[in-house]
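The values are calculated or read from the model by the stated rules, or taken from the named source; none is laboratory data. In this text the structure is predicted, and so the values were computed from the model without any measurement. A quick note on method: Cβ atoms are made from the backbone with ideal geometry, for glycine too, and the neighbour counts reach across all protein chains shown.
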Ligand code: IPE
Ligand code: IPE
Ligand code: MG
C-alpha cells in the first residue's frame, strides 16, 4: 500500500454491504442465509480496520428504503440484528471498539432499541476503532433532520437564515464529531450510492467490487485500501498543488 514511499490509509471507511441475497441464490439458499453469512464479513472488516489502525468504520446494514422488502425478510433481518448485537459485544470490547448506531432508530421495536442502547453503553469507554452501524439510515433522512433542527432555531429566533453555513449543516448531521468518509466501498457489483451518506461523501473516494458481501474477506478489504492509497485526492485543486501540499488527507 505504498505510493512514492508513502502509505496513505483512510481515516474513515464506509461500506455498503451488498450482495447477500445473490450470494444465497447462487447456492440455492434462502436470502436470509446470505444475511447470516454476511456476519462473518462484518467481523473480518472490523478486525482488519483495527489491525490497520483505521479510526472509523461505518457499515450500511439497513437503509430507510429496505422496509419495502417482503415483511418476512425484514423481520428475519431484525432477528439477526438482535442476535448479532448481543453476541458481538464481547468481541468488540476485546478489540477496544466503540459501537455507535446511526439512523432513525425510533422505527425499531422497543426491545431492539434497548439492545442497541445497551451495546452502545457497554462499549462507550473504548477508545479504539469507532464502528458505526447504519440502521434505518438514509442520507436524505440525515439532511432532513439537520434542516429541521436549524429551521427550529430560525423559528425561535436564535438563528437567522443567512447565518446558515456549510459547517452549521455539517454539525447537525449524524456523526458530526467524526471525519467524513475517505473511502466508500460497495460490494455486490452495483455502482450506486443508494442513499448512503450523501452530504458527507462529497469528496469520498468510491470503490466498487463485484464480490458479494459474504465473500468479502481480509484480502478483498486490503485490495480496497490499496486502491485508496493509489488515488490522488485533489479537493478541487490541481495535481501540482496537491503534490506541493504533500497529499492533504482531508479538507477539514
Ligand atoms: C445487502 O444485501 C443487505 C441488506 C440490504 C440488508 P442484499 O439483501 O441487498 O443482497 P442482494 O443485493 O439482493 O444480492
Ligand atoms: C443498500 O443495498 C443498502 C444496504 C446495503 C443496507 P440495497 O440492496 O438496498 O440497494 P439497492 O436497492 O440495490 O439500490
Ligand atoms: Mg442489494
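Check off (1) closer than 28 Å to residue 127 by Cα; (2) away from ligand 2 (no atom under 13 Å from the Cβ); (3) assigned to a helix (DSSP H, G or I) for residue 36 and give me the number that stays unchecked.
(1)
Would you be able to tell me the number of residues in region 212-232 that are surrounded by fewer than 17 Cβ atoms within 10 Å (Cβ to Cβ), in contact (Cβ under 8 Å) with a residue 40 or more places away in the chain and farther than 12 Å from residue 9 by Cα?
2
Taking the criterion of being without any contact (Cβ under 8 Å) to a residue 40 or more places away in the chain and surrounded by 16 or more Cβ atoms within 10 Å (Cβ to Cβ), would at least one residue in region 175-198 satisfy it?
Going through region 175-198, the residues without any contact (Cβ under 8 Å) to a residue 40 or more places away in the chain turn out to be 176-177, 191-192.
From what's left, surrounded by 16 or more Cβ atoms within 10 Å (Cβ to Cβ): none.
No, region 175-198 contains no residue that is without any contact (Cβ under 8 Å) to a residue 40 or more places away in the chain and surrounded by 16 or more Cβ atoms within 10 Å (Cβ to Cβ).
Could you tell me whether residue 43 is in a helix (DSSP H, G or I), more than 15 Å from ligand 1 (Cβ to nearest atom) and more than 18 Å from the chain's Cα centre (by Cα)?
no
Could you tell me which numbered condition residue 185 fails, if it satisfies all but one of (1) in a helix (DSSP H, G or I); (2) touching a strand residue (DSSP E or B) at 6+ places or on another chain (Cβ under 7 Å); (3) within 16 Å of ligand 3 (Cβ to nearest atom)?
Condition not satisfied by residue 185: (1).
Would region 196-208 turn up any residue that is within 16 Å of ligand 3 (Cβ to nearest atom) and in contact with a helix residue (DSSP H, G or I) (Cβ under 8 Å, 6 or more places away or on another chain)?
Initially, region 196-208 is screened for residues within 16 Å of ligand 3 (Cβ to nearest atom), giving 196, 208.
This time we only want the ones that are in contact with a helix residue (DSSP H, G or I) (Cβ under 8 Å, 6 or more places away or on another chain), so: 196.
So far as region 196-208 goes, yes, one or more of its residues are within 16 Å of ligand 3 (Cβ to nearest atom) and in contact with a helix residue (DSSP H, G or I) (Cβ under 8 Å, 6 or more places away or on another chain).
Kindly provide the set of residues from region 109-128 that are part of a helix (DSSP H, G or I) and over 21 Å from residue 57 (Cβ atoms), ordered by number. Talk me through it step by step, then tell me what you get.
Residues of region 109-128 part of a helix (DSSP H, G or I): 110-123.
Matches in region 109-128: 110, 111, 112, 113, 114.
Taking region 1-11 as the search range and keeping residues that are in a loop (DSSP other than H, G, I, E, B) and at pLDDT below 95, which one is farthest from ligand 3 (Cβ to nearest atom)?
Applying the first criterion (in a loop (DSSP other than H, G, I, E, B)) to region 1-11 yields 1, 4-5, 8-11.
Okay, now just the ones that are also at pLDDT below 95, so 1, 4-5, 8.
Details: 1: 29, 4: 37, 5: 39, 8: 30 Å.
Per the criteria, the residue is 5.
Give 98, 86 a once-over and let me know the one that is at pLDDT below 95 and either away from ligand 2 (no atom under 16 Å from the Cβ) or under 27 Å from residue 30 (Cα atoms) (or both).
Working: 98 fails: at pLDDT below 95.
On inspection, the qualifying residue turns out to be 86.
Please go through region 12-28 and give me each residue that is closer than 27 Å to residue 180 by Cβ and part of a helix (DSSP H, G or I), ordered by number.
20
Evaluate the following for residue 204: is it away from ligand 1 (no atom under 16 Å from the Cβ), buried (at least 19 other Cβ atoms within 10 Å of the Cβ) and touching a residue at least 60 places away in the same chain (Cβ under 8 Å)?
yes
Test each condition in (1) over 23 Å from residue 111 (Cα atoms); (2) touching a residue at least 60 places away in the same chain (Cβ under 8 Å) for residue 59 and report the one that comes out false.
The single condition residue 59 does not satisfy is (1).
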